[in-house]
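Take a look at the structure set out below.
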Amino acid sequence: MAIKLVLCDMDGTLVPFGHDGVSDRTIRAIHELVESGIHFGPSSGRERGDLVRFFYGDELCLGTGIMGGGKMVYVDGELVYRRTLPYDALLDMVSELLLIDGAVFNFYLPTDEHGRGPAGFGAAGVTPQQLRVISEHLGEGFSFGLFPEPPEGVTTGAILFDEQQVTGPEVIARLSAACPEIDFVRSAPYAYDVLEKGWSKVNALPIIQESLGVGLDEIAYFGDSHNDLTMMEAIPNSFCPANGVPEVKAVARYVIGDCEDDSVAEVMESLVRHRGRIVL
């Protein structure tokens, strides 16, 4: 069966950690995919307004995809689904975070009905002094500053932790006990996605399948971290770069080259040459 949709995680899969965006080769490969009739889309914990910078404003790369950790689905430039985080549970989480040094809730401000809005981040669950320390250690900015509590309507957020002050498992153990309505899934070396209990990227998969009319065996999925596991388990044609975590490599059908070496772009180029057939 030929591939008709390529879904790709961003951090650590399409974009090496520490890089500001995808490579020129990746941009070219995405354009070739789309021109050949194969849809491409990010499958990311990030929201669309933030992802634009990784593709240097190239809207074609963002027209379709699963974003916000499965809580936002785009098809051909239109937002077809959005789900917000449970507000009362977020308030409980932020209250517990205030008792933990070295961790912060990092969230996107709510967007409009089209998924458009501010591209920056807000912070909650820390004191101003702690936020300065965390920002300095992680090299992360919080462009919309510190909120006493998150606004209603937040779709996407993550717990960031500073390993110089606290360990990730320690933070998540405390938050999980205090907030049973929330799941925390590791998405980067110092980050855990904040998700409604039982929700992940895979919950959005039937929505994008129905919109595009594609079967599971017509999708190629690329991912490297724990927040990709549900997708890798559901999609037969799954790929993990060599730098991926062991748990994802064990589930992936194919383990390819390192993210640093444009391994995903190489597979996409092959899909174009072979009219959607997987030839490695």
Item to complete: Looking at (1) among the β-branched types (Val, Ile, Thr); (2) out of contact with any helix residue (DSSP H, G or I) (no Cβ under 8 Å at 6 or more places or on another chain); (3) not in a helix (DSSP H, G or I), find the lone condition where Ile208 falls short.
Response: (3)
Practice prompt. Test Thr64 against the stated conditions and say whether it is in the same structural domain as Asn237 (by TED's automatic domain parsing), modelled with pLDDT of 95 or more, under 19 Å from Thr156 (Cα atoms) and of a type in the set (S, T, N, Q).
Written response: yes
Response to the item:
Counted residues in the stretch 124-169 being acidic (Asp, Glu) and closer than 16 Å to Val194 by Cβ come to 3
Worksheet entry | Whichever residue in the stretch 211-227 is at pLDDT below 95 and assigned to a helix (DSSP H, G or I) and, among such residues, is nearest to Asn243 (Cα to Cα) | His226
Discussion item. Cβ contacts < 7 Å: first residue within 19 Å of Leu195 (Cβ to Cβ) and polar (S, T, N, Q), restricted to the stretch 34-49; second residue modelled with pLDDT of 90 or more and surrounded by fewer than 22 Cβ atoms within 10 Å (Cβ to Cβ), any location; separation 6+ or different chain. Result?
Written reply: Ser44/Leu51
Response to the item:
For the stretch 12-71 the number of residues that are crowded, with 17+ Cβ neighbours inside 10 Å, of a type in the set (Ser, Thr, Tyr) and either touching a strand residue (DSSP E or B) at 6+ places or on another chain (Cβ under 7 Å) or over 17 Å from Asp224 (Cβ atoms) (or both) is 4
Worksheet item: Which one is nearest to Gly70 (Cα to Cα) among residues in the stretch 234-264 that are touching a residue at least 24 places away in the same chain (Cβ under 8 Å) and part of a helix (DSSP H, G or I)?
Response: Ala234
Worksheet item: Out of all the residues in the stretch 1-53, which are among the hydrophobic types (A, V, I, L, M, F, W, C), under 24 Å from Arg82 (Cβ atoms) and modelled with pLDDT under 95?
Response: Leu51, Val52
Item to complete: For Gly57, state whether it is in contact (Cβ under 8 Å) with a residue 12 or more places away in the chain and either within 15 Å of the chain's Cα centre (by Cα) or under 22 Å from Tyr108 (Cβ atoms) (or both).
Response: no
Worksheet, complete the sentence: Of Val194, Val267, the only residue that is part of a helix (DSSP H, G or I), surrounded by 21 or more Cβ atoms within 10 Å (Cβ to Cβ) and modelled with pLDDT of 95 or more is Val267
Fill in: Pick from the stretch 136-182, criterion part of a loop (DSSP other than H, G, I, E, B), surrounded by fewer than 16 Cβ atoms within 10 Å (Cβ to Cβ) and acidic (Asp, Glu), ranking: farthest from the chain's Cα centre (by Cα)
Glu149
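The values are calculated or read from the model by the stated rules, or taken from the named source; none is laboratory data. Quick caveat, the model's predicted, so the values are computed rather than measured. Every residue, glycine among them, receives a Cβ derived from its backbone with ideal geometry; neighbour counts consider all protein chains shown.
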